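The values are calculated or read from the model by the stated rules, or taken from the named source; none is laboratory data. The structure displayed is predicted, hence computed values, not measured ones. FYI the Cβ positions are ideal-geometry reconstructions off the backbone, even for glycines, and counts take in every protein chain you see. Ligands, DNA and RNA are excluded from the accessible area calculation, which covers all protein heavy atoms including side chains. Shrake-Rupley method; radii C 1.70, N 1.55, O 1.52, S 1.80 Å.
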Amino acid sequence: MVELLHQDPEIYRIDIPLKGNALKNLNCYVLKSEGESVVIDTGFNNVDCKKALDAGLDELGISMDKTNLLITHLHTDHCGLAPGFSCGESRIYMSKTEHDLIRKWRYRRYRREMDAMFRLEGFPEEELVEAAKRNPMIVYAADADYDIVPLRDGDKIRIGGLTFTALAMSGHTPEHMCYYLEEEKIMFLGDHILFDITPNITVWPGVKHSLSTYLTNLHRILSYDIRFAYPSHRGISGKTLEQRAGEIVDHHSRRLNEILKILKEYPGSSGYEVASRLTWSLHGETWETAPKRQIWFAVGETLAHIEYLIDMEKVFRGNKMVNGQQVHTYFLENQL
Ligand SMILES: [Zn+2]
């Protein structure tokens, strides 16, 4: 399904279904200008996404080998089909940092570091194995390497009559890019701000302060002059960016307070134990019965919030041994 969203410049949305995934869809944006075209994000590397993308591009009279691809971030629902753009006159643009991480992930190094990080937070070994089986970063990853034009914050990309500025709005991922058309006052948000769901903020090996970085960049994006803002998932209108950013900030404050309450009641909990006591919408499942992949995301999000509270010196870290394995524990100041 292709929808015309904007006339000058021409902006279209291809609806890419993400079947079986809570995100439900990817909004793939296509821009046309002076005989050139740009696609922003691709969908998973699976049959349904490929079909929807091919049909959409076909309807717009565009082929993968003659269009440019801008990738917002490393999640596979955004770049799973990138290798298809890696030929002919096409160029693929993305953050250099995130492209390096995809390579590390592909060669398993990063996955091992990530597993070690979760083990240290009390994530049970058998659940870790189960979670990996359905990890979209593994199951729907691109099936080949691809070269990119590496981007840094502030880089300009000129395509047809359009000039995009790449803005590193890190937080959701280590160097998530938003793409800004300054003259037209149009921002492609990626997953930095979503209107119907809260972007997941988690911990990453070698990356510190995900949540505070995210909150800083939530504030930063509001400093741009934006008339139209296009998110990567679900609905694209209904609220202003300021309203939505405010709601997201409130969501994180509630989470931080909930964690403080849990630690008051259960001092010395591991990250996994704190997560299991937080309120989640698990679609009718309990913590025990929910898919382990979902539990993995919940624990990652909890750890990002705990790290924030440690930085604020409201929470302190200790250690305990569980089945011969060292596990982090967390306390409030007056419990030490
Ligand atoms: Zn994402």
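When you go through Leu23, Leu18, Leu60 one by one, which is the residue that is out of contact with any Pro (no Cβ under 8 Å at 6 or more places or on another chain), open to solvent by less than 10 Å² (accessible area, probe 1.4 Å) and of a type outside the set (Ser, Thr, Tyr)?
Details: Leu23 fails: open to solvent by less than 10 Å² (accessible area, probe 1.4 Å); Leu60 fails: open to solvent by less than 10 Å² (accessible area, probe 1.4 Å).
Being out of contact with any Pro (no Cβ under 8 Å at 6 or more places or on another chain), open to solvent by less than 10 Å² (accessible area, probe 1.4 Å) and of a type outside the set (Ser, Thr, Tyr) holds for just one of Leu23, Leu18, Leu60, which is Leu18.
When you go through (1) of a type outside the set (Asp, Glu); (2) within 16 Å of the ligand (Cβ to nearest atom); (3) not assigned by TED's automatic domain parsing to the domain that holds Leu70 one by one for Gly171, which number turns out not to apply?
The single condition Gly171 does not satisfy is (3).
Checking Glu126 against (1) more than 16 Å from the ligand (Cβ to nearest atom); (2) in a strand (DSSP E or B): exactly one of these is not met. Which one?
(2)
Which residue is farthest from Glu98 (Cα to Cα), if the candidates are limited to the range 171-206 and must be of a type in the set (Val, Ile, Thr) and in a loop (DSSP other than H, G, I, E, B)? Break it down into steps so the answer makes sense when it comes.
Step one: of the range 171-206, the residues of a type in the set (Val, Ile, Thr) are 173, 186, 193, 197-198, 201-203.
Keeping just the survivors that are in a loop (DSSP other than H, G, I, E, B) gives 173, 193, 197-198, 201-203.
Working: Thr173: 8, Ile193: 19, Ile197: 23, Thr198: 21, Ile201: 16, Thr202: 15, Val203: 15 Å.
Top of the filtered list is Ile197.
Taking the options Ala116, Ala142, name whichever one is assigned to a loop (DSSP other than H, G, I, E, B) and either out of contact with any strand residue (DSSP E or B) (no Cβ under 6 Å at 6 or more places or on another chain) or of a type in the set (Asp, Glu) (or both).
Matching residue, one of Ala116, Ala142: Ala142.
So, Gly88, is that one in contact with a helix residue (DSSP H, G or I) (Cβ under 6 Å, 6 or more places away or on another chain), at positive phi and either at pLDDT below 95 or outside the structural domain of Gln326 (by TED's automatic domain parsing) (or both) or not? First the steps, then the outcome.
Values: in contact with a helix residue (DSSP H, G or I) (Cβ under 6 Å, 6 or more places away or on another chain): yes; at positive phi: yes; either at pLDDT below 95 or outside the structural domain of Gln326 (by TED's automatic domain parsing) (or both): yes.
Considered against the rule, which asks whether it is in contact with a helix residue (DSSP H, G or I) (Cβ under 6 Å, 6 or more places away or on another chain), at positive phi and either at pLDDT below 95 or outside the structural domain of Gln326 (by TED's automatic domain parsing) (or both), Gly88 comes out as yes.
Could you list, in sequence order, all residues of the range 52-85 that are within 16 Å of the ligand (Cβ to nearest atom), over 15 Å from Arg13 (Cα atoms) and not β-branched (Val, Ile, Thr)?
The answer is His73, Leu74, His75, Asp77, Cys79, Gly80, Leu81, Ala82.
Looking at Leu260, Leu215, can you tell me which residue is assigned to a helix (DSSP H, G or I), aliphatic (A, V, I, L, M) and outside the structural domain of Phe44 (by TED's automatic domain parsing)? Lay out the reasoning, then the answer.
Numbers: Leu215 fails: outside the structural domain of Phe44 (by TED's automatic domain parsing).
Going through Leu260, Leu215 in turn, the sole match is Leu260.
Give the number of residues within the range 194-222 that are within 21 Å of Asn27 (Cα to Cα) and not hydrophobic (A, V, I, L, M, F, W, C).
Restricting attention to the range 194-222, the residues satisfying the condition of being within 21 Å of Asn27 (Cα to Cα) are 194-201, 218, 221.
Subset that is not hydrophobic (A, V, I, L, M, F, W, C): 196, 198-200.
Here the count works out to 4.
Check the range 159-170 and report whether any residue there is among the small types (Gly, Ala, Ser), within 17 Å of Gly300 (Cβ to Cβ) and open to solvent by less than 10 Å² (accessible area, probe 1.4 Å). Let's see the steps before the verdict.
Initial filter on the range 159-170 (among the small types (Gly, Ala, Ser)): 160-161, 166, 168, 170.
Okay, now just the ones that are also within 17 Å of Gly300 (Cβ to Cβ), so 170.
Keeping just the survivors that are open to solvent by less than 10 Å² (accessible area, probe 1.4 Å) gives none.
Looking through the range 159-170, none of the residues is among the small types (Gly, Ala, Ser), within 17 Å of Gly300 (Cβ to Cβ) and open to solvent by less than 10 Å² (accessible area, probe 1.4 Å).
Looking only at the range 16-55, count how many residues are of a type in the set (Asp, Glu) and either part of a strand (DSSP E or B) or within 15 Å of the chain's Cα centre (by Cα) (or both). Before the answer, list the steps.
We begin by selecting, within the range 16-55, every residue of a type in the set (Asp, Glu); these are 34, 36, 41, 48, 54.
Then drop every residue that is not either part of a strand (DSSP E or B) or within 15 Å of the chain's Cα centre (by Cα) (or both), which leaves 36, 41.
Residues flagged as of a type in the set (Asp, Glu) and either part of a strand (DSSP E or B) or within 15 Å of the chain's Cα centre (by Cα) (or both) within the range 16-55 amount to 2.
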